[in-house]
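Okay, so here's the structure we're looking at.
Nothing in this text is a laboratory measurement; each read-out follows from the coordinates by a stated rule. Here the structure is a predicted model, which means the values were calculated and not measured. Reconstructed Cβ throughout: ideal geometry from the backbone, glycine too, with neighbour counts over all protein chains shown.
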Amino acid sequence: MKKQDLINFELDIKKIYESGKIKAPIHLSGNNEDQLLKIFKKVNNKNDWVLSTWRNHYHALLKGIPANWLKKQIIKGRSMGIINKKHKFYSSAIVGGIIPIALGLAKSIKLKKEKSKVWVFIGDMTFETGIFHECYKYSKNHNLPIKFVVEDNGLSTNTPTNETWIKKSKIPKGVYYYKYKRKYPHHGTGGWVLF
Amino acid sequence: MVRVVGCYFNTMKLKYKNELIRSMKFLGKKKDTIFIGQSIKFTGNAIYNTLTEVPNKKKIEVPVFEDTQMGMSLGLALNGFVPITCYPRFDFLIVAFNQLVNHLDKIKFMSENQFNPKVIIRTSIGSKHPLNGGVQHTQDYTEVFEKVLTEVKVVKLKEPKDIFYNFKKAYHDKTKCSYLFIEDGDFYNSK
């Protein structure tokens with residue numbers, strides 16, 4: 001999967017959404033292709049787990065989920081919670097909800113002495129929540145095979161994270177972090193769609 | 001005879017707790033089970049006393065983070081474990097409502113049955129005798145949970161005879177659904 005493939009996938013979904021065929025919210029990705037392509041070079045697509053959010057299309061594609069399967073799920077209205085067992089991919093539309101689940105997966109991997117890892121992708125507002133901090137602390141102190149990635153677009157829906165927290169917390173050791181500017185609105189495509 | 005805060009109980013007649021111990025011993029012998037909760041390795045609540053026959057290596061003692069504990073239980077189940085996740089009081093399970101309702105109860109639907117994790121949840125209505133724990137430690141929310149949960153089966157353990165049968169049934173349930181078992185703290189000392 002190359003940068004342009006990712007961009008084209010979302011453009012395709014945008015077109016389908018604007019035709020009124022997707023009767024559920026979509027959260028398109030964009031402007032973070034380079035960062036994700038770099039991070040996913042470290043992900044073992046066969047063995048590792050990836051846990052993502054409502055904005056999960058890029059993560060799913062880079063995890064190796066076939067574009068056609070993903071597209072069908074999105075058309076069925078499942079964009080916000082893409083789940084694929086074969087590809088060890090889980091996402092959720094509840095803020096912070098994936099983090100404790102990832103922790104349990106990482107604990108199970110350690111108990112079973114497996115070689116895999118768990119990758120957790122979260123936004124900058126989720127990073128500030130208590131649930132992240134308790135799970136990060138637990139995973140670090142128990143040396144669990146889990147990697148957190150903070151994708152900072154500065155917004156939670158349309159609320160600026162800095163407006164609510166005044167300042168952002170320091171990124172802890174071992175946490176991947178990158179900043180980007182959102183290409184698409186929080187959900188939808190920015191245009192009026194007649195269903 | 002055992003003296004507990006001024007009251008005498010005939011332990012020979014108390015089957016409720018013994019049936020719980022028997023059930024946990026049964027589950028503890030299964031290869032894929034794992035016990036998770038606070039005060040499961042260390043004394044501090046009634047549930048601890050029902051886990052005496054479970055080896056410590058099968059127990060994950062966790063901090064007080066109820067919602068995280070429920071999410072962790074789901075995560076363990078996604079990778080093949082059958083977690084027995086323990087919440088000493090019903091009042092504390094409320095704190096885990098998010099993971100229970102938004103994730104565990106929805107995962108079959110969300111994954112279109114790709115994932116059918118089995119989590120066995122234990123909780124207990126706090127006892128009122130001989131000490132009454134007050135409104136934050138003794139509530140029974142069974143009806144609320146029955147209304148909210150659509151996939152997780154809710155089972156109230158009223159009689160000693162129901163206990164082993166239901167835990168065994170939950171473990172072997174081929175529909176692979178999760179269970180919430182509601183015990184009653186007062187029955188530990190009265191039935």
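Tabulated data
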{"quantity": "Area projected by the alpha carbon convex hull of chain A, averaged over all directions, nm²", "calculated": "10.6 nm²"}
{"quantity": "Candidate aspartates and glutamates for bridging to B:Lys17, where Cα separation is under 16 Å - those fewer than 8 sequence places away on the same chain excluded", "calculated": "B:Glu53, B:Glu159, B:Asp162, B:Glu183, B:Asp184, B:Asp186"}
{"quantity": "Protection proxy ranking, peptides A:61-74, B:83-96, average beta carbon neighbours within 10 Å, highest first", "calculated": "B:83-96, A:61-74"}
{"quantity": "Set of aspartates and glutamates with alpha-carbon distance to B:Lys168 below 13 Å, sequence-local pairs under 8 removed", "calculated": "B:Glu19"}
{"quantity": "Exceeding the 19 Å Cα-Cα cut-off - candidates A:Lys115/B:Lys118; A:Lys3/A:Lys181; B:Lys25/B:Lys169", "calculated": "A:Lys115/B:Lys118"}
{"quantity": "Solvent-free Debye scattering, log10 I(q)/I(0), computed from the Cα coordinates of chain B at q = 0.19 Å⁻¹", "calculated": "-1.42"}
{"quantity": "Degrees, to the nearest 10: B:16-28 long Cα axis against longest axis of chain B", "calculated": "40 degrees"}
{"quantity": "Convex hull projection area averaged over all views, the stretch A:1-75, Cα basis, nm²", "calculated": "4.8 nm²"}
{"quantity": "Compactness of the protein assembly as shown - radius of gyration and Dmax, Cα, Å", "calculated": "22.9, 76"}
{"quantity": "Anchor B:Lys176: aspartates and glutamates whose Cα lies under 15 Å away (excluding residues fewer than 8 positions away in-chain)", "calculated": "B:Asp32, B:Asp105, B:Glu112, B:Glu151"}
{"quantity": "Listed residue (B:Ile36, B:His103, B:Val135) projecting farthest to the positive dipole end of chain B, Cβ model", "calculated": "B:Ile36"}
{"quantity": "Order of A:Tyr176, A:Tyr17 - criterion: other Cβ atoms within 10 Å of each residue's Cβ, fewest first", "calculated": "A:Tyr176, A:Tyr17"}
{"quantity": "Where labels lie 7 Å past Cα in the beta-carbon direction, separation of A:Val193 and B:Lys128 in nm", "calculated": "5.3 nm"}
{"quantity": "On Cα atoms only, tilt of A:3-18 relative to the major axis of chain A in degrees", "calculated": "50 degrees"}
{"quantity": "Net charge contributed by nearby residues that have their C-beta within less than 9 Å of A:Lys63 (K/R +1, D/E -1)", "calculated": "0"}
{"quantity": "Potential extension, A:Asp12-A:Ile166 segment - 0.36 nm per residue separation minus Cα distance", "calculated": "51.7 nm"}
{"quantity": "Average beta-carbon neighbours from other chains, 10 Å sphere, peptide A:86-96", "calculated": "3"}
{"quantity": "Angle in degrees between helix B:160-172 and the longest Cα principal axis of chain B, rounded to the nearest 10", "calculated": "20 degrees"}
{"quantity": "Isotropically averaged projected area of the stretch A:43-88, using the convex hull of Cα atoms (one quarter of hull area), nm²", "calculated": "2.8 nm²"}
{"quantity": "Cross-link pairs B:Lys106/B:Lys128; A:Lys71/A:Lys117; A:Lys41/A:Lys71; A:Lys15/A:Lys110 - those with Cα-Cα distance over 32 Å", "calculated": "B:Lys106/B:Lys128; A:Lys15/A:Lys110"}
{"quantity": "Distance in nm between pseudo-label sites at B:Thr175 and A:Ala24 (7 Å out along the Cβ direction from Cα)", "calculated": "2.3 nm"}
{"quantity": "A:Trp69-A:Asn47 FRET efficiency (beta carbon distance; Förster radius 30 Å; 0.05 resolution)", "calculated": "0.90"}
{"quantity": "Spin-label pair B:Asn56/A:Lys3, simplified geometry with 7 Å Cα→Cβ offset, distance in nm", "calculated": "5.5 nm"}
{"quantity": "Shielding by partners, peptide A:181-190 (average Cβ within 10 angstrom, other chains)", "calculated": "0"}
